[in-house]
Amino acid sequence: MKKIPVFFQKCKCHLLILCYSVYVLFQLVTGVWGMASDSLLRASGKLQAQQLSVEDFQPVNLKEDGNGWRSETPDPQLLYVVDGYVTSLRIEMEFNAPAGELDLYYTQKPGENFDKYRRVWAVQQQDGSYLYTLPRTKIHMLRLDPGSAENLRISFGDIEINQPASVTRYFDISLHGLFCLVLYPALAAAILQYVLQVYPLLLHGKQHGKGSF
């Protein structure tokens with residue numbers, strides 16, 4: 001049993017390097033897999049870029065108002081039947097007031113209800129448009145919530161699905177990606193270090209308890 005403390009001490013010295021290495025490797029594998037999967041879907045004609053307009057969607061709690069639209073309740077929605085693959089949706093929107101949450105829900109089969117477990121959030125791009133990145137799975141219907149406020153005036157511009165992704169998007173080379181790179185491995189290393197510190201104490205207490213009988 002004397003070898004156990006030495007083993008734990010060696011593990012603690014390399015935890016941070018190990019966690020960062022595993023995280024970077026995971027990101028590389030995920031990015032390469034995403035690029036390969038999208039290439040195969042495009043080659044088979046299942047992931048084609050397509051330009052849409054707001055007229056292609058079914059509005060719910062939204063009413064045309066001059067050159068734009070106005071929300072009639074705090075829950076305006078735009079529904080669009082996909083019945084195929086959609087990995088991204090980019091949309092141009094302008095509001096006359098703070099819009100609140102800009103969620104995109106999706107279902108994977110007919111008759112399925114929208115819920116919080118199948119939802120993605122918008123990331124505003126440099127040109128002001130909003131980009132939603134969806135999981136690589138077959139989707140039946142999309143539900144875009146363009147705001148969460150009543151009497152909100154909304155102007156819609158270009159809408160595009162399955163926009164070809166850049167390498168930076170596959171590997172998440174962004175401020176958000178860099179933040180995750182700094183945070184997650186360090187947090188995992190801290191948790192593992194705590195476990196490695198507590199486990200020998202628990203093991204020692206267990207052995208001491210057995211020896212007392």
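Couple of notes before you dig in:
- Answer residue from segment 92-113, given it is assigned to a strand (DSSP E or B) and among the charged types (D, E, K, R) and is nearest to the chain's Cα centre (by Cα) among those: D103
- Restricted to segment 62-87, and to residues there that are touching a residue at least 24 places away in the same chain (Cβ under 8 Å) and not in a strand (DSSP E or B), the residue that is surrounded by the fewest Cβ atoms within 10 Å (Cβ to Cβ) is N67.
- Failed item, numbered, when G147 is tested on (1) at pLDDT 85 or above; (2) on the phi > 0 side of the Ramachandran plot; (3) not assigned by TED's automatic domain parsing to the domain that holds Y85: (3)
- Condition check for L47: buried (at least 17 other Cβ atoms within 10 Å of the Cβ), of a type outside the set (F, W, Y) and in contact with a helix residue (DSSP H, G or I) (Cβ under 8 Å, 6 or more places away or on another chain): yes
- You will find that of P5, P59, the residue that is modelled with pLDDT of 95 or more and at negative phi is P59 and no other.
- Residues satisfying the stated conditions in segment 135-156, i.e. farther than 28 Å from M35 by Cα and part of a strand (DSSP E or B): D145, P146, R153, I154, S155, F156
- Out of P200, P164, sole residue that is assigned to a loop (DSSP other than H, G, I, E, B) and modelled with pLDDT under 85: P164
The values are calculated or read from the model by the stated rules, or taken from the named source; none is laboratory data. No experiment lies behind these values; they were computed from the predicted model shown. Glycine also receives a Cβ, built like all others from the backbone with ideal geometry; neighbour counts cover every protein chain displayed.
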